[in-house]
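Every number in this text was worked out from the coordinates using simple rules, so none of it is lab data. Note that the coordinates shown come from a computational prediction; the quantities given were computed from them, not determined experimentally. Positions of Cβ are generated from backbone atoms using ideal geometry, with glycine treated the same way; all protein chains shown enter the neighbour counts.
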Amino acid sequence: MYFCISICKIKKETKLFPKNSKTIIHMKYDLIVIGSGPGGYIAAVRASQLGKKVALIEKYPTLGGTCLNVGCIPSKALLDSSHHYYDAVHHFEAHGISVEKPTFDFKKMLARKANVVETTTSGIKYLMDKNNIEVYEGLGSFEDKTHVKVSKNDGTSVVIEGTNIIIATGSKPSSLPFIKIDKERVITSTEALKLKEVPKHLLVIGGGVIGLELGSVYKRLGADVTVIEYMDKIVPGMDADVSKELQKVFKKQGIKFATSHKVTSVQKNGDTVVVKATDKKDREIEFNGDYCLVSVGRKPYTEGLGLEKVGVQVNERGQIETNNHLQTNVASIYAIGDVVQGAMLAHKAEEEGVIVAEFLSGQKPHIDYNLIPGIVYTWPEAAAVGKTEQELKDANIAYKSGKFSMRALGRSRASGDIDGFVKVLADKNTDEILGVHMVGARVADLIMEAAVAMEFRASAEDLARICHGHPTYSEAVKEAAKAAWDGMPLNA
Ligand code: FAD
């Protein structure tokens, strides 16, 4: 529908562009954004708010990119549904609630997830309309430094011109060279979000955020889950205490872990999948399951863009190279989100979208990559902002640490969510907060208190002296900050 509207509007200003396209239209914009994920659509909205004439190109019929369609939103919908079920089975009784053997309808769960996705993606359509952003459905590819061809599935195409162009084409799941993803038994996160049944035994290759979140979903729904991880700990990028606590709690929940295991082969035999790996002692270990989720990371996606045509530089990891303003080596072209370096996170992509739109409008925006929170939406949740202890050690920064256990909180005991802690790391000399790490109920939301404090360069004492509501999980932040500041938490 949007494509028709666009073309109808465009025809008024039609000018021929001499390429092989069946539909030859030339429309000029201040900004063209390629890709409608959180990076792309937010860049388009911000640029439009600042008075730019904007076009957005998306190759799929629904807007929102990985995040809304096959990432953040559907995974959180399934995490929430499976969490309710798990609570009903394992926790209701402790609250004095009895339900006759709780059951679940997996089809209905998936339908709810699809509905959440649909509502969210249509919200983006609404935003595009509201902000007068012209949406083109089709594959965007460079004709030259200011012209992009949009090729539709039906063979028609249009060429549009932009003074500036933002590449926001995101990422795709990556794999290991010897693994054949058949999308049925050997799957990526995309298929794991729409399986027809709950696996009996899900083998998860990769103990990162996506593997743990989806592993948790199926564990809660009754599957055996084994996580096979190359490194000696799960979520290796997070603070070591967070990895340790998460692994301890997941083990209690029944998830099995094989850390320090290097996967060497993945074979599908009918309905079974055999994963072979070598352990620390170089012994070959075999894992048998009925599904294998390969969650070993994601790779930047630039296929079909025709970057070579305009000479945009890409590094050896496939990321588009940019300067501090997210500008590529071609002055008119910028790149943001998963397709450039940095954390592959929706909120990082969004911030970059805003930054570029504002920069192109003559503003001097700023982004602090140190303050982008990282979150794991399992239960308990894990969240972090700033430096880990290891990073501070590596950088020879003298620091002090304050930790407060969730089980010491009245709020945690009331809800029954006693696992986890908050840890505040502060500069030993100045008391400035350098990093905050958390495991516990709702820490995905709680982490923002730490991010705000750090944005304003608060000290641990500042945080410790702020009155926190009682009883709340946030009291753990205050107590950990006090522990870091003067070593004397009040409730421990
Ligand atoms: P994308 O969202 O990948 O969007 C890129 C868009 O560009 C796509 O729609 C694609 O179709 C389009 N495109 C590509 N090439 C072209 C072309 N040539 N022409 C036209 N269109 C094109 N992040 C979080 O912050 N929180 C989470 O909880 C979270 N959970 C996740 C769970 C899963 C299972 C997965 C897979 C990811 C998750 N992520 C999460 C990561 C998050 O989804 C990405 O970081 C985010 O989507 C990146 O945004 P982006 O705008 O850079 O790209």
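Fewest to most neighbouring Cβ within 10 Å: what's the order for Cys292, Cys467, Cys72? Provide the component values of the computation, followed by the final result.
Details: Cys292 29, Cys467 6, Cys72 21.
Lowest to highest Cβ neighbour count: Cys467, Cys72, Cys292.
Please compute the length gained on full extension between Asp232 and His95, using 0.36 nm multiplied by the number of residues separating them and subtracting their Cα-Cα distance. Walk me through the numbers on the way to the answer.
Numbers: separation 137, 0.36 × 137 = 49.32 nm, distance 3.73 nm.
Between Asp232 and His95, full extension yields an extra 45.6 nm.
Can you show me the helix-derived [θ] at 222 nm for the chain, built from DSSP H runs with n ≥ 4 at -39,500 (n - 2.57) apiece and divided by the number of residues, rounded to the nearest 500. Let's see the in-between values first.
Details: 15 runs with 164 residues, N = 492.
My calculation for the chain gives -10000 deg cm²/dmol from helical runs alone.
Take the alpha-carbon positions of region 335-417, form their convex hull, and give its projected area averaged over all directions (one quarter of the hull surface) in nm².
Working: hull surface 33.6 nm².
That works out to 8.4 nm², a quarter of the Cα hull's surface.
Distance cut-off 23 Å, Cα to Cα: go down the list Lys364/Lys400; Lys107/Lys219; Lys130/Lys364; Lys28/Lys125; Lys59/Lys125 and report the pairs above it. It would help to have the intermediate numbers written out before the result.
Values: Lys364/Lys400 35 Å; Lys107/Lys219 17 Å; Lys130/Lys364 26 Å; Lys28/Lys125 21 Å; Lys59/Lys125 14 Å.
In this structure, Lys364/Lys400; Lys130/Lys364 exceed 23 Å between Cα atoms.
Quick check on my link table: of Lys348/Lys423; Lys108/Lys152; Lys101/Lys180, which ones sit more than 28 Å apart, alpha carbon to alpha carbon? Write down the numbers at each step before the final one.
Working: Lys348/Lys423 23 Å; Lys108/Lys152 33 Å; Lys101/Lys180 39 Å.
Table pairs above 28 Å Cα-Cα are Lys108/Lys152; Lys101/Lys180.
Rounding to the nearest 10 and keeping the result within 0 to 90°, find how far the Cα-based axis of helix 346-360 lies from the longest principal axis of the chain.
So the helix axis and the longest Cα principal axis differ by about 40 degrees.
Using the C-alpha atoms of the chain, what convex hull volume per residue, in cubic angstrom, is computed? Let's see the in-between values first.
Working: hull volume 84.9 nm³, N = 492.
Considering the Cα atoms of the chain, their hull volume per residue is 172 Å³.
Quick one: angle between helix 240-253 and the longest Cα principal axis of the chain, in degrees between 0 and 90, rounded to 10, please.
The helix 240-253 is inclined about 80 degrees to the chain.
Would you give the gap between the C-alpha center of region 196-246 and the C-alpha center of region 426-453, rounded to a whole Å?
25 Å
Magnitude of the Cβ-charge dipole of the chain, K/R +1 and D/E -1, about the Cα centre, nearest 20 debye?
Numbers: 63 positive and 60 negative charges, 200 e Å.
Rounded to the nearest 20 debye, it is 960 debye.
Cα centroid distance between region 121-192 and region 315-365, in Å?
17 Å
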